[in-house]
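The values are calculated or read from the model by the stated rules, or taken from the named source; none is laboratory data. The shown structure was predicted, so the numbers you read here are calculated from the model rather than taken from an experiment. Glycine also receives a Cβ, built like all others from the backbone with ideal geometry; neighbour counts cover every protein chain displayed. Only protein heavy atoms, including side chains, enter the accessible area calculation; ligands, DNA and RNA are left aside. Shrake-Rupley method; radii C 1.70, N 1.55, O 1.52, S 1.80 Å.
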Amino acid sequence: MDILAPLLAEGCAAAAHAPWPRAEIGTEIWQRVTLHLAAGELDLLGLWGEADRMHMAVSAPESREIAVFTLACPDGRFPSVGLSHPPAIRLERTIQDLFGLIPDGAEDARHWLDHGAWGVGTPLGTPGPAPEHAYAFLPVTGENLHEIPVGPVHAGIIEPGHFRFTADGETIIRLEQRLGYVHKGTEGLMIGAPLDHAARLAGRVSGDATVAYASGFARAAEAALGIAPPPRAVHLRAVMAELERIANHIGDFGAICNDASFALMLAHCSVLRERVLRAAHLAFGHRLMMDRVVPGGLTQDITAEGLAAIASLIPAFRARLDQLAGLYDSMASLQERTVTTGFVKHDYVRRFATGGHVGRASGRNFDSRKWPGYAPYDATPFDVPLRTDGDVNARVWIRIEEIRQSLGILGHLLATLPPGPCRTTLPAPTTPVEGMALTESFRGDVLIWLRIAPDLTIERCHARDPSWFQWPLLETCVYGNIIADFPLCNKSFNCSYSGTDL
Amino acid sequence: MRRILLESLVNAPLTENAPSPDDAALAELAADVANTAMRRLGRSLAIRQVDAGSCNGCELEIHALNNPFYDLERFGLHFVASPRHADVLLVTGPITKNMREALIRTWDATPGPKWAIAAGDCAVSGGLFATSYACTPAHETIPISLHIPGCPPTPTALLRGLLALLAQAL
Ligand code: SF4
């Protein structure tokens, strides 16, 4: 039974929104959508603001519907979604910090991205004075408890964020994250930016997923403008996306093992990762393939040497991966650290609609390449690995299996690469047009929503990283684990700081 | 496991020849680090990486410096976990205002003689984020001795810059 169609029918349909419908609604329907979310009938895809209105993207997994609901906020307030659906809480705190829209009834009124350092408050709404710097962590009471503050500057070469652990001896009782340190004002910079410049910004929301972000941005823009990029470009975007997935998964596999003091695996995995980046550089002229995907196609075709390098990499990589996976499987001392560590509850990944390896290791069968699906994956055979054991070990195996699938996808894509051009010109719309896309990064589904003005500049673009719905579960999965296992839990997630700090 | 270890003994190493130190970087450094203090450090530098708002792309390439192809440690360069052990801060990102204080505190916690390197277009000039309300220039935050441009700089570019710094130390 359709859930979203009747709700959409009660609203006022937006004229130019593709490929899914958007409706302007009142608070009553907003609250009904929220109740459906709280009841677990809908998944929250995204929640973002503009100066005078709120947007909420949801999907109904059973009836396979996706829609965006928009609520005008003339008095600067909207009924809190987070009050009954916790995945929305951090998103609402972000909206409050950037746009000054107040979620009515929300329990946590603390700032999130705004640390009081910008010299301005609500920079994307009506700018006001900067708030106080103070931040109150949630209180923890009980006997024998001690606090361990970590960060924002961490010990390794990783992104900054603050973790506040409460421990009883070695056992973690609670973890509270405080993020926002790498807030760069990306969405503010996008407002008014020409399309190609905004595409570069999109490719830097989270650098490790630059291809996924740039592809998502391009697909949303192409949906808005009603054009399709050339088939060769579509294919090559997927080649880049799978190279990116493989490079990240293999790097993380090595890093997880290294956090369990098995440095040999890191060394071998980093060699494999380097080989992928070198092939990418040969093929597309940039090791991370930044700024290659643009609205309308690609900036350049794949080189002949690059094509050959990727083709010869596939079998060698597969053979080496089999060896390393066998090694992981045979090391009891390694598995002692990863099995049963950092268990993520199935109920949580369902409620948070958690994507990527975190969701798929805890039984949530979702991959945006399959559904809603997009070219060329709709014509590419591959499986979505799924497990239910939900621990660090499960996330390691999901990543290994996903690499194997990606190697298969690469082989298929290279064998079926269509000829022709790689770029098409963009038509200028007569009125503002809106588009949205879900794109599968190595971390999970990236949502991009945008509105393009007739002069091909961005009026508003929102990027929602998969980590929004993973970070909170990292807080939950460390309970009862020892402090020393936190790095393993953390690396097995590998959430993006930059992706959520924006 | 044994087979993998044996292979490593039999096969040639992957490690590549060192790139020559970057000429431009050398010139930039000459003014800054040609002092006797550096001599005391010997042919070794401890690097503390600080992400001050990066998109995380720069970190990926800095990580690559440790892989067997680049093998940073053969030059006496190594990453340390604390600024207290560091000679060099390797700073990435457009210096978000939210990281400004942490960066200054990290710099203050680093014992002298010390140098800061701005790695990546963001740290060098603010990159695409230079005009953001949320970012502030690196050189107005801590003294920067060396700039390594690139988005992100390749491991080779990073290595060139670091070797240039080391060359001044000898
Ligand atoms: S220089 Fe480029 S790769 Fe490095 S942090 Fe800035 S945007 Fe990211």
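A few remarks follow.
- The set of residues in segment B:158-170 that are within 15 Å of the ligand (Cβ to nearest atom) and open to solvent by 30 Å² or more (accessible area, probe 1.4 Å) is empty.
- Qualifying residue in segment B:95-118 (condition: under 28 Å from A:L272 (Cβ atoms) and either assigned to a loop (DSSP other than H, G, I, E, B) or open to solvent by less than 20 Å² (accessible area, probe 1.4 Å) (or both)): no
- When A:F217, A:F253, A:F284 are screened for being under 22 Å from A:A18 (Cα atoms) and surrounded by 23 or more Cβ atoms within 10 Å (Cβ to Cβ), only A:F217 passes.
- Residue that is in contact with a strand residue (DSSP E or B) (Cβ under 7 Å, 6 or more places away or on another chain) and assigned to a strand (DSSP E or B), where the choices are B:V91, B:V124: B:V91
- Test for B:P111: is it more than 14 Å from the ligand (Cβ to nearest atom), within 7 Å of chain A (Cβ to nearest Cβ) and not basic (K, R): no
- Considering A:P160, A:P123, A:P131, the condition of being within 16 Å of the ligand (Cβ to nearest atom), in a loop (DSSP other than H, G, I, E, B) and within 14 Å of chain B (Cβ to nearest Cβ) is satisfied by A:P160 alone.
- Options A:M290, A:M265; residue that is open to solvent by less than 10 Å² (accessible area, probe 1.4 Å), within 16 Å of the ligand (Cβ to nearest atom) and touching a residue at least 24 places away in the same chain (Cβ under 8 Å): A:M290
- Filter pass, A:D252 being within 16 Å of the ligand (Cβ to nearest atom) and within 13 Å of chain B (Cβ to nearest Cβ): no
- Any chance A:T94 is open to solvent by 50 Å² or more (accessible area, probe 1.4 Å) and among the hydroxyl-bearing types (S, T, Y): no
- Residue within segment B:155-166 that is out of contact with any strand residue (DSSP E or B) (no Cβ under 7 Å at 6 or more places or on another chain) and on the phi > 0 side of the Ramachandran plot present: no
- Selection of segment A:176-191 for residues being open to solvent by less than 10 Å² (accessible area, probe 1.4 Å), more than 7 Å from chain B (Cβ to nearest Cβ) and not in a helix (DSSP H, G or I) yields A:Q177, A:L179.
- Of all positions in segment B:131-140, none carries a residue that is in contact with a Gly (Cβ under 7 Å, 6 or more places away or on another chain), open to solvent by 10 Å² or more (accessible area, probe 1.4 Å) and in a helix (DSSP H, G or I).
- Beta carbons closer than 8 Å, at least 6 apart along the sequence or on distinct chains, pair a first residue in segment A:136-154 that is touching a residue at least 24 places away in the same chain (Cβ under 8 Å) with a second that is open to solvent by 80 Å² or more (accessible area, probe 1.4 Å) for A:V140/A:E147.
- Criterion: more than 16 Å from the ligand (Cβ to nearest atom), of a type outside the set (A, V, I, L, M, F, W, C) and within 14 Å of another protein chain (Cβ to nearest Cβ) - qualifying residue of A:P194, A:P229: A:P194
- Among the residues listed as A:L272, A:L298, the single one being touching a Cys at 6+ places or on another chain (Cβ under 6 Å), of a type outside the set (G, A, S) and more than 16 Å from the ligand (Cβ to nearest atom): A:L298
- Selection status of B:S145, within 14 Å of the ligand (Cβ to nearest atom) and among the polar types (S, T, N, Q): no
- Of all residues in segment A:197-206, those satisfying the criterion of being within 9 Å of chain B (Cβ to nearest Cβ) and touching a Phe, Trp or Tyr at 6+ places or on another chain (Cβ under 9 Å) are A:L201, A:G203, A:R204, A:V205, A:S206.
- Subset of segment B:59-94 (residues that are more than 7 Å from every other protein chain (Cβ to nearest Cβ), in contact with a helix residue (DSSP H, G or I) (Cβ under 8 Å, 6 or more places away or on another chain), open to solvent by less than 10 Å² (accessible area, probe 1.4 Å) and away from the ligand (no atom under 11 Å from the Cβ)): B:L65, B:L72, B:L77, B:V88, B:L89, B:L90
- As a summary of the residue check, B:G126 satisfies the conditions (1) on the phi > 0 side of the Ramachandran plot; (2) away from the ligand (no atom under 12 Å from the Cβ); (3) not hydroxyl-bearing (S, T, Y) except for the one numbered (2).
- When A:K491 is tested against (1) under 12 Å from the mean Cα position of the chain (by Cα); (2) within 14 Å of chain B (Cβ to nearest Cβ); (3) assigned to a helix (DSSP H, G or I), just one condition goes unmet, and that condition is (1).
- Pairing residues of segment B:115-130 that are within 14 Å of another protein chain (Cβ to nearest Cβ) with residues that are open to solvent by 40 Å² or more (accessible area, probe 1.4 Å) and within 8 Å of the ligand (Cβ to nearest atom), at Cβ distances under 7 Å and at least 6 apart in sequence or on separate chains, gives B:G120/B:C151; B:D121/B:C151; B:G127/B:D121; B:G127/B:C151.
- Options A:G116, A:G151: the member that is farther than 30 Å from B:E61 by Cα, within 14 Å of another protein chain (Cβ to nearest Cβ) and surrounded by 15 or more Cβ atoms within 10 Å (Cβ to Cβ): A:G116
- Qualifying residue in segment B:48-58 (condition: at pLDDT 90 or above, within 14 Å of chain A (Cβ to nearest Cβ) and part of a helix (DSSP H, G or I)): yes
- 3 or more residues basic (K, R): qualifying helices (runs of 4 or more DSSP H) within segment A:203-320: A:231-259, A:263-284
- All positions within segment A:217-244 that are more than 26 Å from A:L272 (Cβ to Cβ) and of a type outside the set (A, V, I, L, M): A:F217, A:R219, A:E222, A:G226, A:P229, A:P230, A:P231, A:R232
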